[in-house]
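These notes are about the structure you will find just below.
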Amino acid sequence: MNRISVGRFSNFEINTPVAVKVENVDLVVTRYGEREVSVLFGKCRHHDRVAEGQIKDETLICPDKDCKFHVDSGVTEKGDSENLKKFSHQIKFDYILVDPEEIRSWYESKEK
Ligand code: FES
């Protein structure tokens, strides 16, 4: 598995979602604690700019419509079909690493 970096952990501000593209797939990467990071799909049902949302109490709140997702899991109370896909990651030598193959294969299967 060849993981790639989406940025340096120490450059991420706590509770500030950041938009990242991997394999041309929009992601939102959030540092929400001293060592906690989440990597979620960056497009929700109503909005393409999840990364412009806010974090409050480990909840990612979408920009316009107040839809809420648990920042770690991507789960929302609105039902499974609305959840944001969570992707695996590692923090190694201050870099947040993701698996581009995992992201690409999930996105391709979603588009079928
Ligand atoms: S605004 Fe993002 S799911 Fe509704």
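Computed from the coordinates by the stated procedures, all read-outs in this text should not be read as laboratory data. No experiment lies behind these values; they were computed from the predicted model shown. Ideal geometry is used to build each Cβ from the backbone, glycine not excepted, and the neighbour counts take in all protein chains shown.
The table below gives the values:
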| read-out | value |
| --- | --- |
| Top-ranked residue in region 58-82 [being in contact with a Lys or Arg (Cβ under 7 Å, 6 or more places away or on another chain) and among the hydroxyl-bearing types (Ser, Thr, Tyr); ranked as farthest from the ligand (Cβ to nearest atom)] | Ser73 |
| Strands (runs of 3 or more DSSP E) fully within region 52-112 counting 1 or more residues that are farther than 14 Å from Gly42 by Cα | 54-56, 59-61, 90-92, 95-98 |
| Residue list for region 19-42, filter: free of Cβ contacts under 8 Å to residues at least 60 places away in the same chain and within 15 Å of Glu58 (Cα to Cα) | Val28, Thr30, Arg31, Tyr32, Gly33, Glu34, Arg35, Glu36, Val37, Ser38, Val39, Leu40 |
| Residue satisfying condition, being more than 11 Å from the chain's Cα centre (by Cα) and small (Gly, Ala, Ser), within set Gly42, Gly33 | Gly33 |
| Selection within region 17-59 - hydrophobic (A, V, I, L, M, F, W, C) and farther than 19 Å from Trp106 by Cβ | Val18, Ile55 |
| Members of region 1-18 that are under 15 Å from Leu60 (Cβ atoms) and either part of a loop (DSSP other than H, G, I, E, B) or in contact (Cβ under 8 Å) with a residue 24 or more places away in the chain (or both) | Phe12, Glu13, Asn15, Thr16, Pro17, Val18 |
| Unmet requirement for Val25, which otherwise passes all of (1) buried (at least 17 other Cβ atoms within 10 Å of the Cβ); (2) within 16 Å of the ligand (Cβ to nearest atom) | (2) |
| Output for region 53-112, where each listed residue is within 15 Å of the chain's Cα centre (by Cα) and among the aromatic types (Phe, Trp, Tyr) | Phe69, Phe87, Trp106, Tyr107 |
| Test result for Arg45, touching a residue at least 12 places away in the same chain (Cβ under 8 Å) and within 14 Å of the ligand (Cβ to nearest atom) | yes |
